[in-house]
Amino acid sequence: MNKLVKSIITIVACLAIVLLCSSIVVTQEDEYKFIRQFGKINRVIEEPGLSFKIPFLETTDSLPKKILHYDLASSDVITKDKKTMITDSYVLWQITDPLTFAKSLNSSVMNAENRIDAVVYNSIKTVIGTIEQNDVITSRDGELTDAIMISIGDSMDQYGLQILTVETKRLDLPSDNKTSVYERMISERDKIAATYIAEGNAEAQIIVNTTDKEISIMLAEANAQAEQIIAAGEAEYMQILSDAYSSEEKADFYSFVRSLDAAKLSFSGKDNTLILPADSPLTSIFLGE
């Protein structure tokens, strides 16, 4: 009898443990938990931790709460000027409304990626179709991503998800026309460079001409000023001469000084003798005549 009671207690305890384990729901930080009854969603658990369900009657499944990555396949797009380009992009997205996501996409991440693929590709095609090839090549600093995100808008809200960003890994030309496009781009940039050089040379010539003109004016003014100084000096010299010969005494003194200077120059060497004729002006000065 005691053995039977113990067996019953053991069985009941095991059933209780099984029921307890079956009723506990563990929700991780990076997931949403659905509590379903006969396939229908009863509630959604969005916060991490422990919760409970009715054993055997309710079941659980989960969806990722973290940011997800989806890599689009490389595809051809046509630019505004009818040029073909190859785009290779990826998408970062996240489930924001798990209940809407489960109802609209049957709780399938693959279904969501298929919708994302179609919407993002159409947006990329639409945006690049409004831009010429040269502008597409140069718009890699976020402008293209911003335009694509604006094109997508809130179209994914109906699926309970949000596209966080669309990044372009590769935006290239088809291999068959890559060389010709590069050559055309180089030619266009050579023309731009030639224009800049011509404008620079013209500006430099203007500066040189202006500088030469200023130098010519400055030289002319300097020469005119020099002529004025020379003329003033000559006038002063003539005035000095005029003053020197203004009277007989001054004229005689001036002649005497000049005679002495002439005699001094004749004695510039050593052992020199000065011989003067009797009718020389110097003789008359030295003799006091």
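The values are calculated or read from the model by the stated rules, or taken from the named source; none is laboratory data. Values in this document were obtained by computation on a predicted structure and should not be read as measured data. Using ideal geometry, Cβ is built from the backbone for each residue, glycine included, and neighbour counts are taken over all protein chains shown. All accessible areas refer to the heavy atoms of the entire protein, side chains included, with ligands and DNA or RNA removed. Shrake-Rupley method; radii C 1.70, N 1.55, O 1.52, S 1.80 Å.
Just for the stretch 51-71: of the residues that are open to solvent by 40 Å² or more (accessible area, probe 1.4 Å) and among the acidic types (Asp, Glu), which one is nearest to the chain's Cα centre (by Cα)?
ASP71
Confirm whether ILE137 is modelled with pLDDT of 90 or more, more than 30 Å from THR100 (Cβ to Cβ) and part of a helix (DSSP H, G or I).
Taking the combined requirement at face value, the residue does not satisfy it.
Can GLU47 be described as exposed (fewer than 14 other Cβ atoms within 10 Å of the Cβ) and on the phi < 0 side of the Ramachandran plot? Can you show your working first?
Numbers: exposed (fewer than 14 other Cβ atoms within 10 Å of the Cβ): yes; on the phi < 0 side of the Ramachandran plot: yes.
Spelling it out, GLU47 is indeed exposed (fewer than 14 other Cβ atoms within 10 Å of the Cβ) and on the phi < 0 side of the Ramachandran plot.
Condition check ((1) closer than 23 Å to THR165 by Cα; (2) part of a loop (DSSP other than H, G, I, E, B); (3) modelled with pLDDT under 90) across all residues:
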site: LYS66; (1), (2), (3): yes, yes, no
site: HIS69; (1), (2), (3): yes, no, no
site: VAL77; (1), (2), (3): yes, no, yes
site: LEU92; (1), (2), (3): yes, no, no
site: THR100; (1), (2), (3): yes, no, no
site: TYR121; (1), (2), (3): yes, no, no
site: LYS125; (1), (2), (3): yes, no, no
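Only residues that are of a type outside the set (S, T, N, Q) and assigned to a loop (DSSP other than H, G, I, E, B): list them for the stretch 79-90, please. Working first, answer last.
Residues of the stretch 79-90 of a type outside the set (S, T, N, Q): 80-83, 85-86, 88, 90.
Hits for the stretch 79-90 are LYS80, ASP81, LYS82, LYS83.
Answer yes or no: is there a residue in the stretch 72-91 that is surrounded by 13 or more Cβ atoms within 10 Å (Cβ to Cβ) and farther than 30 Å from LEU171 by Cα.
Scanning the stretch 72-91, I find no residue that is surrounded by 13 or more Cβ atoms within 10 Å (Cβ to Cβ) and farther than 30 Å from LEU171 by Cα, so the answer is no.
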